[in-house]
Structures are given as structure tokens and as C-alpha cells.
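The structure under discussion appears below in the form of C-alpha cells.
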Amino acid sequence: MKVQFVSSISPELAKQFEALREQKGLKLISAEREGAPLATLPDNLFGFTFSPVNESTPLFAKRQFQCFEVHKLTSGVVHVLGFLTENEAATFFGGKETLECHLFPEPQGDSTRLVEVPLERIAKAKPVSRSGGNYMPLTLDPA
């Protein structure tokens, strides 16, 4: 399902998001389930939120400016999609050391590399900054 982006994401990047959803067989959260806590939602869906690492993370069907896309996969595995710098992404994908980073919901400055962060790798998350690109400060465990 194509999602209309209300953001600064380019059409090329929107296609990358769409390809990831299709590859995983994800469906957009239904209107009836919008706002429900992530933990209560069925597997294999995606939605959008401003608070991606909260226990009661609500998901919505419409992407708003500078909000995160969240994928709930099979067996309740959850990924938060966002953007890191190339150096941060290399450390993230290397998976051998702890990473302190700012995950952005949209490309911001040097943070232009799209990544999928599994919740189980998040050791510590601070509240989303409401300025400077709406980033989320994270400490990520090695893979």
C-alpha cells in the first residue's frame, strides 16, 4: 500500500520504505486500530509514531512531519526505522560495539543512511528531541 508522506523524504527514499514493507509483507495499521499500544497490535503491520520506544507506543496510519516509521514483524519483533550518519551506520551494522547515536526520523544533516533498529538492540533511549530534526538519542547494544 502506498503511503502519502507529509515530510521532506524524497520520492526515491519513499520507494525504499515501500520496498522494505513489501519485502516483509507488512500492512498499514487499520483505522480501527490507530492509537492502540504497539504491544496489543497484531504482527506484520507498520505505522507511524512520535514516541517509538515507549511501552505504550501508539501507531497511526498517516505519516506526519518528522515522525518515525515502526514495523511490527512476525513473533512481535519490532524495528524502528530512522537515519544515522555513515560512520554510525558502519558501527551499527558491524555489530561489535556499543553505539551512542542520534536516530533521526528523516534525513538530517549527515544522518542520511536508512537503518532498521531492532528494539532488542536499544539499551537506552532518551525522549525524542522536539528540535533539531526530532532525533532520538540512543545507546545501542552490539548485535
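Backbone phi angles across region 30-37, fed through the Karplus curve with coefficients 6.51, -1.76 and 1.60 (θ = phi - 60°), yield HN-Hα couplings of 6, 4, 5, 9, 4, x, 6, x Hz in residue order; Gly and Pro are listed as x.
Each Cα pair under 8 Å and six or more residues apart adds its sequence gap; the mean of these over the residue count of region 61-143 is a relative contact order of 32 percent. Helix 11-24 sits at what angle to the longest principal axis of the chain, using alpha carbons and giving 0 to 90 degrees rounded to 10? Taking the Cα atoms of the chain, the angle to 11-24 is about 70 degrees.
Here the residues Ser51, Ser111, Ser75, ranked from fewest to most Cβ neighbours within 10 Å of their Cβ, fall in the order Ser75, Ser51, Ser111.
Determine, for Lys62, Lys126, the number of other Cβ atoms within 10 Å of each Cβ, and report the residues in order from fewest to most. Could the numbers behind the result be given before it?
On the way: Lys62 15, Lys126 12.
Fewest-to-most ranking of Lys62, Lys126: Lys126, Lys62.
Remark: relative contact order (the chain) = 20 percent; criterion is Cα-Cα distance under 8 angstrom and separation of 6 or more residues. When Rg and the Kirkwood radius Rh are both evaluated on Cα atoms of the chain, their ratio Rg/Rh stands at 0.93.
Write down the percent of antiparallel bridges among all DSSP beta bridges whose residues are both part of region 11-80, to the nearest 5. Don't jump to the answer; show the numbers that get you there.
Numbers: 10 of 12 bridges.
Looking only at bridges with both residues in region 11-80, the antiparallel portion is about 85 percent.
If you average 1/r over every pair of different alpha-carbon atoms in region 82-140 and take one over that average, what Kirkwood value in Å do you get?
Numbers: mean 1/r = 0.0884 Å⁻¹.
By the Kirkwood definition, the hydrodynamic radius is 11.3 Å.
For region 11-80, dividing the convex hull volume of the Cα atoms by the residue count gives 81 Å³ per residue.
Coordinate-derived values only; no laboratory data. Given the structure is predicted, the values throughout are model-derived calculations rather than measurements. In this analysis, Cβ positions are derived from the backbone assuming ideal geometry, glycine residues included, and neighbour counts consider all displayed protein chains.
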